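The block underneath contains the structure these notes are about, expressed in structure tokens.
Read the figures in this text as sums done on the coordinates, not as results from a lab. No experiment lies behind these values; they were computed from the predicted model shown. Cβ placement follows ideal geometry from the backbone for every residue including glycine, while neighbour counts extend to all protein chains displayed.
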There are 2 protein chains.
Amino acid sequence: MNEQTIPYKIYLEEDEIPKQWYNLRADMQNKPAPLLDPETMQPMSAEKLRTVFCEELVQQELDDTTPYFDIPVEIRDFYKMYRPSPLTRAYYLEKALGTPAKIYYKFEGGNTSGSHKLNSAIAQAYYAKKQGLRGVTTETGAGQWGTALSMACAYFDLDCRVYMVKVSYEQKPFRREVMRVYGASVTPSPSETTAVGRKILEKHPGTGGSLGCAISEAVEAATSMEGYRYVLGSVLTQVMLHQSIIGLETKAALDKYGIKPDIIIGCAGGGSNLGGLIAPFMGEKLRGEADYRFIAVEPASCPSLTRGRFVYDYCDTGAVCPLAKMYTLGSNFIPAGTHAGGLRYHGMSPVLSQLYHDGLMEARAVEQTSVFEAAQLFARTEGTLPAPESSHAIRAAIDEALKCKETGEEKTIVFGLTGTGYFDMFAYQRYNDGEMVDYLPNDEELSRGFEGLPIFDS
Amino acid sequence: MNEQTIPYKIYLEEDEIPKQWYNLRADMQNKPAPLLDPETMQPMSAEKLRTVFCEELVQQELDDTTPYFDIPVEIRDFYKMYRPSPLTRAYYLEKALGTPAKIYYKFEGGNTSGSHKLNSAIAQAYYAKKQGLRGVTTETGAGQWGTALSMACAYFDLDCRVYMVKVSYEQKPFRREVMRVYGASVTPSPSETTAVGRKILEKHPGTGGSLGCAISEAVEAATSMEGYRYVLGSVLTQVMLHQSIIGLETKAALDKYGIKPDIIIGCAGGGSNLGGLIAPFMGEKLRGEADYRFIAVEPASCPSLTRGRFVYDYCDTGAVCPLAKMYTLGSNFIPAGTHAGGLRYHGMSPVLSQLYHDGLMEARAVEQTSVFEAAQLFARTEGTLPAPESSHAIRAAIDEALKCKETGEEKTIVFGLTGTGYFDMFAYQRYNDGEMVDYLPNDEELSRGFEGLPIFDS
């Protein structure tokens, strides 16, 4: 098809929003290892998972054979409020780089939560409501997940209690206010409101917290209140299932114009946006129908894939959650206060970990100053001011496009622009004031992440 | 057409973005009165306007007979980055209200500036670049216009100097940072950097400023530097011309589904978004082809249409700008520090003023607490967190929909959702903390706005 006919933004029609989520595990030969019960170190039973998670979500979490799950009509109705999201051709960025590469980005920031997180939040809130619960608890890092869950809970009239990583809570006071507009209550973590929070504060007084800590607190809160369950915005396979809508829409939009990507890039914190974006493409690769390069981009300050170990570890710092076999820096690792709060997690989705381990996906770590340089170039050329998390993917996309400039190759690059940076202006301010520094953990700091943990890989 | 077939969001195709702006004045029998030179009190000459404004913009400002202006391809290229904007059916709000009314909103907040302001910013930056200028100066209230102009200037590589109303500068520190990301410099107004700023500070020490003050400073800065011109985000007729793209797209989307609105509602500060939204519909009304009700909604704290006088007045507090015949509270009126910074302007577009005076449009004033109540209901039902300015229109749309609930009428209501409130969380915080109060100027305060001014109406 003639390139001139490709619009800047490729929108699908409302009736082209996918009606099913895709479960990548169904096509994996090496399935991700099962979650383990922290008390028995045996595979978690559905029954026990149900004490923490909603029933239908437990089913989705454990099912690694069903390839497609129907999206309930109530969730599809909500999706219509902000989906389909546009797939945009980065004509202006390409021009600024002088690259022959063709760059596309799937923009998930066009809703008030400012990111892709809403895709799973609405699903989890729906199943909680369906089960007749009073409310849910959760953690949030940068705040996108908490905002998304607040919006979803407001829609279904559920109580929403958010534990927010303290460093983000302080850097992003307005995030808290957005959650309040949607009726949620927000507590900085670690807090004195839970036993695990008090324990962490005793051990690390003055800590800025981490996603791992906040998860422990939210789980404790959920299991100690009647009619509540815990919901999680990343890492879990159910979340990646819901996020497959990103990849399915991306593929439908590319197919519409007969475009076949060479490289697909996403930032990786817990892994859900990347997993969702690549899912249908990885499925084709696993089934031998097509080949693509996949690149996971993580912060150099929290490099779980590139410097972590592929072992069983707790999903949370407090060791109250199940253990997952994943690339991890150790659940005792407390990452430096980098501005990409949403990527400050010690582990990585078990599905993505397995794919990476099997050589089906690449990974690279990038430093935050180079990430903000890419973010600012993107903002000035493409208009949209990106989230620091998403800008990790922009960095890698630009680097790949610049390689094409050297070699003259006209590769097609697709990356996930997961969100906007409107609540990250403190970070941009530091960058533009020349006050941003890069944090690189040394080997000793990394090894401390595993202190006192049981280490085993099967 | 069956209602079921109307999607939640009506998107136009990229090639349906209008290729011409519509100049409503061409269809007006009673043309808006000419701008007057503050030195001679005679109609401003094009020559003199060119010392302040870009050449082609002066031409657009003065032309009240040409109905359509071609949109240059460079501007249309930029429009593709964030247009066409969606026209959304507020199904969820309707349901929450239990109204038989059908509510649609045109959402202009889906770009990083967060509002419709970008539509004119890119046009004004383009004409400045075309004229070979080094840069432009401007004022900004809530910050949307300054952000929009920063983005536009970054795109065309122009220097951008913004005078920001001090009360907004302090309430919205992150807005300044967004402008910096796009390379602009931002000064709180009134400032010591201009003669007029120093004079205002002397007369009103500790003032939070106003759009009128900031305009005076920006004009002084532009005219005292080589290669600079002043650009304005509202009030002027050229701005309303550029904003007609909102109404043209809205009409095209409605026509696609055979929808004829009964009531069209917009918030009104300087009047450009409202003027742009209603332009093609008002054109039909003026030509006798159709009839609609139009409602301008303004803050009760700054009620230029509902409590002002239709006389000649300065466009700025410092009396350096031309005089316009408009509804005004007097250019010496300093509005209370309400949170809708973008609506804190003493006057109103001369075009809208004339239409209102001729009985072609209604106006109403609303109090900010009732505006935030409407904003929060809208956020929780429709997802998007609205700007306080836009929420004035939401308030009126809800009120009209509730009237329909009483009478059982199935009216079709269209309103302009001009922007998002992501940088207004301080205001939401005050509202949710119960600390927001309503400001109603008494008659004495209103009369002070005209103190020392020449008052005449022709």
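Measuring nothing but alpha carbons in the stretch A:42-96 and taking Rh as the Kirkwood radius, the Rg to Rh ratio lands at 1.25.
Once C-alpha pairs closer than 8 Å and six or more residues apart are averaged by separation and normalised to the residue number of the stretch B:330-400, the relative contact order reads 28 percent. For the stretch B:308-370, the Kirkwood hydrodynamic radius from C-alpha pairs, put into Stokes-Einstein at 37 °C and a viscosity of 0.692 mPa s, yields a diffusion coefficient of 260 µm² per second.
When residue B:65 is represented by a point 7 angstrom out along its Cα-to-C-beta vector, the spacings to that point in the other copies are 8.1 nm, nearest first. Measuring against 21 Å, Cα to Cα, the residue pairs A:9/B:19; A:256/B:117; A:9/B:129; B:9/B:405; A:95/A:285 contain A:256/B:117; A:9/B:129; B:9/B:405; A:95/A:285 as the ones spanning a longer distance.
Computed over the alpha carbons of the stretch A:194-285, Rg followed by Dmax gives 18.6, 58 Å. Taken residue by residue and averaged, Cβ atoms of other chains lying within 10 Å of the Cβ of A:87-100 number 1.
Counting from the shortest, the label point at residue A:370, 7 Å from Cα toward Cβ, is 5.7 nm from the same position in each remaining copy. Considering only C-alpha atoms, what is the centroid distance from the stretch B:44-93 to the stretch A:19-81, in Å? One Cα centre to the other: 51 Å. With pairing defined as another cysteine C-beta under 4.7 Å, the cysteines of chain A that fail it are A:54, A:213, A:267, A:302, A:404. Among B:287-299, A:291-303, B:429-441, the peptide with the highest mean count of other Cβ atoms within 10 Å heads the list, and the full ranking is A:291-303, B:287-299, B:429-441. Compute the helix-to-body angle for B:237-256: its Cα long axis versus the longest principal axis of chain B, expressed 0 to 90° and rounded to tens. That works out to roughly 10 degrees. Inter-copy label distances at residue A:43, shortest first and taken from points set 7 Å along Cα to Cβ: 8.6 nm. Between the amide H of residue B:265 and those of B:295, B:414, B:415, B:416, distances stay under 5 Å, these residues lying 5 or more places away or on another chain, with hydrogens modeled in the peptide plane.
Given 5 Å bins starting at zero, what is the percent of C-alpha pairs of the stretch B:114-192 in each, up to the one with the largest pair distance? In order of increasing distance, the bins hold 3, 19, 30, 25, 15, 7, 1, 0 percent. For peptide B:181-191, the mean count of partner chain Cβ atoms within 10 Å of a residue's Cβ comes to 2. Report the normalised scattering of the stretch B:269-377 as log10 I(q)/I(0) at q = 0.14, 0.18, 0.21 Å⁻¹, calculated by the Debye formula with identical scatterers on the alpha carbons. Debye curve over Cα of the stretch B:269-377, log10 I(q)/I(0) at q = 0.14, 0.18, 0.21 Å⁻¹: -0.58, -0.90, -1.12. Under the rule a/c < 1.5 gives rounded, and otherwise a/b versus b/c splits prolate from oblate, where does the stretch B:360-410 land using the Cα gyration tensor? It comes out oblate by the Cα gyration axes. Pairs of C-alpha atoms in the stretch A:46-169 farther apart than 27 Å represent 32 percent of all such pairs.
Please list B:133-143, A:73-83, A:273-283 highest first by mean number of surrounding beta-carbon atoms within 10 Å per residue. Please report the intermediate quantities before stating the final value.
On the way: B:133-143: 26.1, A:73-83: 18.7, A:273-283: 27.9.
Highest mean packing first, the order is A:273-283, B:133-143, A:73-83.
Extending 7 Å from the Cα toward the beta-carbon at both residue A:444 and residue B:202 defines two label points whose distance is 6.4 nm. Its Cα gyration tensor gives the stretch A:374-458 an equivalent ellipsoid. The semi-axes, each the square root of 5 times an eigenvalue, are 31, 21, 14 Å from largest down. Ranked by the mean number of other Cβ atoms within 10 Å of their residues, highest first, the peptides B:222-231, B:61-70 come out as B:222-231, B:61-70.
May I ask what percent, to the nearest 5, of DSSP beta bridges between residues of the protein assembly as shown are antiparallel? In the protein assembly as shown, approximately 35 percent of DSSP beta bridges are antiparallel ones. Our helix-only sum for chain A, with -39,500 (n - 2.57) per DSSP H run of n ≥ 4 divided by its residues, gives a mean residue ellipticity at 222 nm of -12000 deg cm²/dmol.
Of all the C-alpha pairs in the stretch B:3-45, what % are more than 14 Å from each other? It works out to 73 percent of all Cα pairs.
Scanning chain B for the Cβ atom closest to the axis that brings B onto A yields residue and whole-Å distance B:422, 2. For the segment B:111-117, counting C-beta atoms of other chains within 10 Å of every residue's C-beta and taking the mean gives 3. Our analysis of the protein assembly as shown gives Rg over Rh at 0.98, with the two radii drawn from alpha carbon positions and Rh computed by the Kirkwood formula. Debye sum, Cα scatterers, chain B, no solvent: what log₁₀ I/I(0) at q = 0.13 1/Å? Debye curve over Cα of chain B, log10 I(q)/I(0) at q = 0.13 Å⁻¹: -1.16. Pairs of C-alpha atoms in the stretch B:1-106 farther apart than 23 Å represent 56 percent of all such pairs.
For the pair the stretch B:120-157 and the stretch B:162-222, the centres of their Cα atoms are 16 angstrom apart.
Normalising the Debye intensity of the stretch B:307-458 to I(0), with uniform scatterers on Cα atoms only, and taking log10 at q = 0.11, 0.16 Å⁻¹ returns -0.52, -1.00.
Hydrodynamic estimate: the Kirkwood radius of the stretch A:271-323 over Cα pairs, inserted into Stokes-Einstein at 4 °C and 1.567 mPa s, corresponds to D of 96 µm²/s.
Seen from residue B:125, the other residues with C-beta closer than 15 Å to its C-beta sum to a net charge of +2, counting Lys and Arg as +1 and Asp and Glu as -1.
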